[in-house]
Amino acid sequence: MSDDKAAVRPESDESESENAAESSGANVTGRASEAAETAEQFSDAAAGDVAAAAADLEADLANANPTDSAAAENPAESDKDSLQAELEKAQAKADENMDLALRTRAEMENLRKRQSRELENAHKYALDKIAAELIPVRDTLELGVAAAEEEQADLGKVVEGTELTLKMLTQALEKFNIIEVDPQGEKFNPDLHQAISMQEGTDQPANTVLTVMQKGYTLNDRLLRPAMVVIAK
């Protein structure tokens, strides 16, 4: 009996060992399946992430400016193009400033020439107005001389014509502020008068103008010619 029990125990141990092995194998198989499923899930998620990233990249490339893309691909070329654009802009501005300077210089030269011509004409024709006023006086004098040379000349008319001519001349001179200086009976003024002699034994106060030998003239209050006078001593 003891031998039979001893013989049966190994069979029981072997059965338990087999059951344990089968259970362990099942556990390993289950873990392997779970690992495979997890790996597949991770693989699917990674593939999805990669696909999404690729889609986003394609969208960015579709919306991107070709110039920006070219600049990103070749930054050195982009900098060169930018510098070239700035250079062309500066050159255009320089050309504009040069053109403005040349036109300004031409305008200044034309202005200088015009002013020079006007100044020359002012010097040449400064007396054109007064000359136009004096020519009629000359015409009147010529007519008076011709009338005086007639055989039956009327002296009264000659004198009258001469007085009219003198009046015309005085008016012409006054039109240009040429005023005569006639200091008869006035006190001697060295700024306007020039004494050519002094006379004693008069009842006039000293330095009184007794006789005007030649009238003086002023132009706009500036002395042209002093009056030649005889004064009392």
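Any lysines with Cα under 22 Å of the residue 93 Cα? List them, leaving off those in the same chain fewer than 8 positions away.
The qualifying lysines are 80.
Share of antiparallel DSSP beta bridges in the range 177-233, in percent to the nearest 5?
Roughly 65 percent of the beta bridges in the range 177-233 run antiparallel, per DSSP.
Of the listed pairs 175/215; 129/157; 187/215, which have alpha-carbon separations greater than 22 Å here?
Pairs exceeding 22 Å: 129/157.
Have a look at 106, 132, 168 and report the one farthest towards the positive end of the charge dipole of the range 80-188, computed about the Cα centre with Cβ charges (Lys/Arg +1, Asp/Glu -1).
Most positive-ward Cα: 106.
So for 135, 178, fewest C-beta neighbours within 10 Å to most, what's the order?
Ordered from fewest to most neighbouring Cβ atoms within 10 Å, 135, 178 come out as 135, 178.
Within a 10 angstrom radius of the beta carbon, how do 149, 133 rank from fewest other beta carbons to most?
149, 133
Assigning unit charges at the beta carbon (Lys, Arg +1; Asp, Glu -1) and nothing else, what dipole magnitude in debye, to the nearest 20, does the range 115-233 show about its Cα centre?
560
Values in this text are rule-based calculations from the coordinates and carry no lab data. Note that the coordinates shown come from a computational prediction; the quantities given were computed from them, not determined experimentally. Glycine gets a Cβ as well: all are built from the backbone with ideal geometry, and neighbour counts include every protein chain shown.
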